[in-house]
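Contents: one structure, followed by commentary.
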Amino acid sequence: LMLNAIGLADGWAAIVLAEELPRAKPDPLPYTHALERLGAKAEASVAFEDSRSGVRAAALAGLPVVGMTTTQDATTLISEGAVFGASDFTDPALLALVRARTGRGADIRLSMFDCMAECVAIVEDLAT
């Protein structure tokens, strides 16, 4: 697994692989399965996607999606269902969205490398 190779495997509460499921993105199943495994609710979660199929899957699962403009432009990702496009995890709109969705305030900090782990932690906190 790539996450093991780069030393990030232990930072996740759940990892969902396409090979584990009968349907992959753009079907919402990967997201609904991950939410179920985390005991989380879509209304208290945020998805980060850089592909058209990923944006569609997350949006169909009921999550607001931040379209990461690493492989597609913001207009394309928004047309697929993203709330907005961001070039990296330091975009102030991203932090505002996470805060609005979770009800958490100044105690949240996001950076390019800890955003996903932080957002998963937020989901876990709200699920308990």
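The values are calculated or read from the model by the stated rules, or taken from the named source; none is laboratory data. Since the structure is predicted, the reported quantities are computational estimates derived from the model, not experimental observations. Using ideal geometry, Cβ is built from the backbone for each residue, glycine included, and neighbour counts are taken over all protein chains shown. Please note that ligands, DNA and RNA were not included when accessible areas were found on the heavy atoms of the full protein model with its side chains. Shrake-Rupley method; radii C 1.70, N 1.55, O 1.52, S 1.80 Å.
Pick from the stretch 41-52 the residues that are open to solvent by 40 Å² or more (accessible area, probe 1.4 Å) and modelled with pLDDT of 90 or more: which of them is farthest from the chain's Cα centre (by Cα)? Per the criteria, the residue is R52.
Of the residues screened, G67 is not one that is under 13 Å from P26 (Cβ atoms) and of a type in the set (G, A, S).
Apart from one condition, G85 fits all of (1) within 22 Å of T32 (Cα to Cα); (2) in contact with a helix residue (DSSP H, G or I) (Cβ under 6 Å, 6 or more places away or on another chain); (3) open to solvent by 20 Å² or more (accessible area, probe 1.4 Å); the exception is (1). Consider the stretch 92-101 and keep the residues that are free of Cβ contacts under 8 Å to residues at least 24 places away in the same chain and not small (G, A, S). The one that is nearest to F48 (Cα to Cα) is L95. The residues of the stretch 15-30 that are surrounded by 10 or more Cβ atoms within 10 Å (Cβ to Cβ) and aliphatic (A, V, I, L, M), listed by number, are I15, V16, A18, L21, A24, L29.
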